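Beneath this line is the structure, given in structure tokens, with notes to follow.
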Amino acid sequence: MRKKLIAGNWKMNNDLNSSIELAKSISTGIKKDFLNNTDILICPTFISISKVFDSVKGSGVSVGAQNMHFKDDGAFTGEISAEMLISAGCEYVILGHSERRQLFHETNHLINLKLKKALKSGLIPILCVGETLEQREEGIHEKIVDEQITFCLKEISKVEISKVVIAYEPVWAIGTGKTASPEQANQMHNNIRNSIANLYGNDFAQNIRILYGGSVNDKNASELFSQPDIDGGLIGGASLKPNQFLTIIENASK
Ligand code: PEP
């Protein structure tokens, strides 16, 4: 059985002190039985990772980053490497978020390089995929997501794929308050699982975790997470509100 994962993407929010405060509110609000069938992750900004890691130690909450470079080190001003993230306490890294794709022009090729590096270094990558509103209206959303999966996973081995988490995040649902319906989301998750089955076989497809992201909140979480192919969520706005985030986690753990 796939263990659920609830991941909070804090984006460019919270300074160091408020990040520590938020992390503590979340970690102290977690009930033991939440952790039986749900992994919990928070992804602060780079400068807060180390202190946030210290502040949640022993609580069962993992820490991740929102991005990284694919090179080991060198003259890449403003960038950060997988090893640096690991040394600060990261277990996970979000890759290919639609904000990275749209605002920072990240391509499937670049995301593939990052994914390979993350896996080689021992980080668990959360690979984000999802279509724009125009692509959905054109009826090419399934093709777009299949292409993102195929290109981003190029040359990723069977051993490595079992460590990858995928997040389906329709761009039109991110930060907009418009959620995909549970059926729409589950349909796409099912397609993604089929794409993984075509690439790696059905056993791998059944084991891979596929998260939904896009305006998940404490009201809609329960219905989304009860869908058979939805294995948790990548949560933006609601992950900044401890009570909402804890309710979302509670819903996933039921
Ligand atoms: C996200 O940024 O990954 C996200 C899903 O944001 P929100 O929950 O705010 O839509």
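Just so it is clear, none of the values below were taken in a lab; they were calculated from the coordinates. Every value quoted in this text rests on a predicted model; they were computed, and no experiment measured them. Glycine also receives a Cβ, built like all others from the backbone with ideal geometry; neighbour counts cover every protein chain displayed.
What is the sum of charges, Lys and Arg at +1 and Asp and Glu at -1, for the other residues whose Cβ falls under 15 Å from the Cβ of E137? List each step's numbers first, then the result.
Values: positive: R136, K143, K178; negative: E131, E134, E138, E142.
The answer is -1.
Net charge near A180: determine it from the other residues with C-beta under 12 Å of the C-beta of A180, scoring Lys and Arg +1 and Asp and Glu -1. Don't jump to the answer; show the numbers that get you there.
Working: positive: R136, K178; negative: E131, E169, E183, E223.
Cβ neighbours under 12 Å give a net charge of -2.
For A75 and T28, what does the FRET efficiency come to when R0 = 41 Å and r is the distance between their Cβ atoms, rounded to the nearest 0.05?
On the way: r = 42 Å, r/R0 = 1.02.
Efficiency computed from Cβ-Cβ geometry: 0.45.
So, counting K/R as plus one and D/E as minus one, what does the shell of residues with Cβ under 13 Å around T38 add up to? Don't skip to the end; give the middle numbers.
Working: positive: R2, K3, K4, K31, K32, R209, K254; negative: D33, D39, D231, E250.
That works out to +3.
Filter the trypsin sites (Lys or Arg not before Pro) in the stretch 37-101 to those in DSSP coil with at most 13 other Cβ atoms within 10 Å of their Cβ, and list the result. Provide the component values of the computation, followed by the final result.
Working: sites: K51, K57, K71, R100, R101; in loops: K57, K71.
Answer in residue order: K57.
Considering only Cα-Cα distances, which of the following residue pairs are longer than 31 Å: K51/K71; K3/K178; K57/K154? Could the numbers behind the result be given before it?
Details: K51/K71 25 Å; K3/K178 26 Å; K57/K154 35 Å.
Exceeds cut-off: K57/K154.
Per the Kirkwood treatment, what hydrodynamic radius in Å, one decimal, follows for the stretch 4-253 from the mean inverse distance over all distinct Cα pairs?
Working: mean 1/r = 0.0557 Å⁻¹.
It is 18.0 Å.
So what's the back-of-envelope 222 nm ellipticity for the chain, counting only DSSP H runs of four-plus at -39500 (n - 2.57) apiece and dividing by all residues, rounded to 500? Spell out each step's value before the answer.
On the way: 12 runs with 112 residues, N = 254.
Computed ellipticity for the chain at 222 nm equals -12500 deg cm²/dmol.
Within the stretch 69-166, report the chymotrypsin sites (Phe, Trp or Tyr not before Pro) that DSSP leaves as loop and that have at most 13 other Cβ atoms within 10 Å. Spell out each step's value before the answer.
Numbers: sites: F70, F76, Y92, F104, F151; in loops: F70, F76, F104.
Loop-located and lightly packed - F76, F104.
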